[in-house]
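Here's the structure, in structure tokens; my notes come after.
The values are calculated or read from the model by the stated rules, or taken from the named source; none is laboratory data. All of these numbers come straight from a predicted model, not from anything done at the bench. Note: ideal-geometry Cβ built from the backbone for every residue, glycine included; neighbour counts use all protein chains shown.
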Amino acid sequence: AYDDHPLPIPEGQTISAPHMCAIMCEAASIRRGDRVLEVGTGSGYHAALCAEIVSPTGEPLEGIVVSVEVVKPLSYYARDNLVRAGYYDRVHLIVADGSMGAPVRGGFDRIIVTAAAPQIPQPLIDQLDDGGVMVIPVGPRWHQLLLAVRRLGERIEKEAVTACIFVALRGKYGYS
């Protein structure tokens, strides 16, 4: 990305400004070896960024990124971008309702949600491992708070990171 603002992509969507991608990765404390779920693949840029952090050498025993996209044509766009950039083998793409997460892929150390939800989707909390962190924009459609949500056993802690504006999350736990 060459400009530091949300950038348009196909299907009337946008990807986050590069600085917001960095804020989200930092707030999630993504580390090498983590299992990361990204909700909202978009262009694949943020998934590639996460893949570089969790698996910088691409070794199979390092971390993994699972990215869920609800808009099928965007998943093809992301796949093509990830192939061209050399990250396709480090990002597992799923076309599905991202508000439901990726339950068949197991628990995750980190979850990054790149679309705003009216509230934190319970299925995503359920897929967050103990000690895990989810970063998600939550609030009304036109202004949200980016939250860092930590799972500590059965306890959930929420911390406000920054004010933000994201595209609306689609799906069962998104906006109707």
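Kindly evaluate Leu61 against the criterion of being surrounded by 13 or more Cβ atoms within 10 Å (Cβ to Cβ), more than 12 Å from the chain's Cα centre (by Cα) and modelled with pLDDT under 95.
no
Against the condition touching a Gly at 6+ places or on another chain (Cβ under 6 Å) and in a strand (DSSP E or B), how does Leu124 come out, does it pass?
no
Could you grab me the full set of residues in the stretch 105-122 that are in contact with a Phe, Trp or Tyr (Cβ under 8 Å, 6 or more places away or on another chain) and over 14 Å from Arg170 (Cα atoms)?
Across the stretch 105-122, the qualifying residue is only Gln122.
Within the stretch 114-161, track down each residue that is surrounded by 13 or more Cβ atoms within 10 Å (Cβ to Cβ) and at positive phi.
Gly139
Go over the candidates Asp80, Asp97, Asp109 one by one and state the one that is closer than 17 Å to Asp34 by Cβ and of a type in the set (Asp, Glu). If you could, list the steps in order and put the result at the bottom.
Working: Asp80 fails: closer than 17 Å to Asp34 by Cβ; Asp97 fails: closer than 17 Å to Asp34 by Cβ.
Exactly one of Asp80, Asp97, Asp109 is closer than 17 Å to Asp34 by Cβ and of a type in the set (Asp, Glu), namely Asp109.
Considering only residues that are among the acidic types (Asp, Glu) and outside any loop (DSSP other than H, G, I, E, B), which ones fall in the stretch 49-90?
Of all residues in the stretch 49-90, those among the acidic types (Asp, Glu) come to 52, 59, 62, 69, 80, 89.
Within the stretch 49-90, Glu52, Glu69, Asp80, Asp89 meet the criteria.
What number of residues in the stretch 107-121 are over 12 Å from the mean Cα position of the chain (by Cα), aliphatic (A, V, I, L, M) and assigned to a loop (DSSP other than H, G, I, E, B)?
Counting residues in the stretch 107-121 that are over 12 Å from the mean Cα position of the chain (by Cα), aliphatic (A, V, I, L, M) and assigned to a loop (DSSP other than H, G, I, E, B) gives 1.
Can you tell me which residues in the stretch 144-168 are modelled with pLDDT under 95 and within 28 Å of Leu74 (Cα to Cα)?
Matches in the stretch 144-168: Ile165, Phe166, Val167, Ala168.
Which of the residues belonging to the stretch 70-87 are of a type in the set (Phe, Trp, Tyr) and crowded, with 19+ Cβ neighbours inside 10 Å?
Answer for the stretch 70-87, where residues must be of a type in the set (Phe, Trp, Tyr) and crowded, with 19+ Cβ neighbours inside 10 Å: Tyr77, Tyr87.
Condition first: modelled with pLDDT under 90, in a strand (DSSP E or B) and not polar (S, T, N, Q). Now tell me which residues in the stretch 1-38 satisfy that.
Residues satisfying the conditions are Leu7, Pro8, Ile9, Ile15.
Please count how many residues of the stretch 89-113 are without any contact (Cβ under 8 Å) to a residue 40 or more places away in the chain and either crowded, with 24+ Cβ neighbours inside 10 Å or of a type in the set (Phe, Trp, Tyr) (or both).
0
Do any residues in the stretch 152-175 that are among the charged types (D, E, K, R) have Cβ atoms under 6 Å from those of residues that are crowded, with 17+ Cβ neighbours inside 10 Å and in a loop (DSSP other than H, G, I, E, B), where the two are at least six apart or on different chains, and which pairs are they?
From residues that are among the charged types (D, E, K, R), the pairs are Arg170/Val70; Lys172/Asp97.
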